[in-house]
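In what follows, a single structure is set out as structure tokens and then discussed.
Quick note: the coordinates plus some simple rules give every number you see, no bench work behind them. Quantities reported herein were computed from a predicted structural model and do not represent experimental measurements. Every residue, glycine as well, gets a Cβ built from its backbone with ideal geometry; the counts of neighbours run over all protein chains shown.
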């Protein structure tokens, strides 16, 4: 679960509120363009968007495995993608942040205390641009209103 949260933040650029509100049905794994659909109610400013998963094979593989595991455990497509094993409900923002930091512990304790899930969004944007994606593609995936926010 911690790896899935890390991937959603750092490799997909999702906000903590978006991670918490994702449903299994929002993760489309159909080729050739697997993606995550951020629905209107979950996205900042109410603007729905799609986040490509085909940009990163490792993220696609990890999120595919996580979704398959949740479905094998009996979860339905309408259930939370990231859910409590105890009661099956979506995790709180606090718990998501705590699990994100647990996934980041390999960076060392001094570094972990300075990180947030929002830093993952910045990493996603930087890596996508460094990987050759256009400003417009990254702007759309990040859900920014204009390119100046993405390039800033």
Grab the beta carbon distance between residue 129 and residue 40, set R0 = 25 Å, and tell me the FRET efficiency rounded to 0.05.
0.40
Between the stretch 9-42 and the stretch 100-124, how far is it from one alpha carbon centroid to the other, in angstrom?
20 Å
Using a Debye calculation, one point per C-alpha and no hydration shell, please list log10 I(q)/I(0) for the chain at q = 0.10, 0.13, 0.19, 0.20 Å⁻¹ in order.
-0.33, -0.56, -1.23, -1.36
Can you report the principal axis dimensions of the stretch 1-45 using only the alpha carbons, biggest first, rounded to whole angstrom?
28, 25, 16
Can you give the relative contact order of the chain as a percent, counting alpha carbon pairs under 8 Å and 6+ residues apart?
32 percent
Starting from the Cα-Cα distance between residue 71 and residue 106, subtract it from 0.36 nm times their residue separation and give me the gain in nm to one decimal.
9.7 nm
Just subtract the alpha-carbon distance of residue 64 and residue 78 from 0.36 nm times their residue separation and send over the number in nm, one decimal.
3.4 nm
Virtual spin-label span in nm between residue 2 and residue 92, 7 Å along Cα→Cβ
2.0 nm
